[in-house]
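Structure record follows, encoded as structure tokens.
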Amino acid sequence: MEDLYVSYKDQVEFLIVYIREAHPEMLKEGHETGVIGRPKDIDERVILATKCATEFKFTIPTLIDGMDGQVNADYKAAPVRVAITDLDGKIVYYAGRGPRDFRLSAVEHVLKRLVANEGHIPAPPEPQWGKPINGLRCGISFDPSDPRIGEDVIVHAQFSNTTRNSLGLLLTND
């Protein structure tokens, strides 16, 4: 992430949000921070966040989630999450739980698109629509529209109900 920060810091605002302690059970009597277990107040959380930022040599500005954990709850951020918003505050990229479930190449792809479009992601390409099956029609498009093997691709899927009846829809990525 540090390389992306260096490459885009003049064009994109980066923030790390320290949401909570990853391993509070390790904070035992005699711990160098003086904090034992989960922090009891914001002062103890600041101590732990400062230790984390110092130990990992963060150069990206770091904010600290409140004791109510609202940022963690809103973004389902634990253990690690990358979210990118456009200038309107709309989430345009939301990685899976990290650190294993997101790829920096996908993050960079979105950052390039944001910079090229003055802070906004353009509308997805028009979908190719299939024939309705039992009243459900699916449209799909790819971004980029001519993907190459090994390249990150954004797949846009849209669904349309061609009947007046309600339909249940279950999406899986099996």
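Computed quantities for the displayed model
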read-out: Candidate set from segment 51-61 (those that are among the β-branched types (Val, Ile, Thr) and closer than 19 Å to SER7 by Cβ); member that is surrounded by the most Cβ atoms within 10 Å (Cβ to Cβ); value: ILE60
read-out: Cβ-Cβ under 7 Å pairs, at least 6 apart or on other chains, segment 30-42 side within 10 Å of MET67 (Cα to Cα), far side open to solvent by 60 Å² or more (accessible area, probe 1.4 Å) and part of a loop (DSSP other than H, G, I, E, B); value: ASP41/MET67; ILE42/MET67
read-out: Residue, modelled with the highest pLDDT, within segment 1-26, restricted to residues that are aliphatic (A, V, I, L, M), surrounded by 11 or more Cβ atoms within 10 Å (Cβ to Cβ) and within 21 Å of ASN72 (Cα to Cα); value: VAL17
read-out: In segment 61-75, the residues that are in contact with a Phe, Trp or Tyr (Cβ under 9 Å, 6 or more places away or on another chain) and modelled with pLDDT under 90; value: TYR75
read-out: Test: residue in segment 53-60 that is touching a Leu at 6+ places or on another chain (Cβ under 6 Å) and either closer than 15 Å to ILE16 by Cα or touching a residue at least 12 places away in the same chain (Cβ under 8 Å) (or both); value: no
read-out: Cβ-Cβ under 7 Å pairs, at least 6 apart or on other chains, segment 99-128 side closer than 29 Å to ALA78 by Cα, far side open to solvent by 70 Å² or more (accessible area, probe 1.4 Å); value: LEU104/MET1; VAL115/GLN11; GLY119/LEU87; HIS120/LEU87
read-out: Filter result for ASP10 (within 30 Å of ILE91 (Cβ to Cβ) and part of a loop (DSSP other than H, G, I, E, B)); value: yes
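The values are calculated or read from the model by the stated rules, or taken from the named source; none is laboratory data. Computed from a predicted structure; not experimentally measured. Cβ atoms come from the backbone with ideal geometry, glycine included; neighbour counts cover every protein chain shown. With ligands, DNA and RNA removed, areas are computed over all heavy atoms of the protein, side chains included. Shrake-Rupley method; radii C 1.70, N 1.55, O 1.52, S 1.80 Å.
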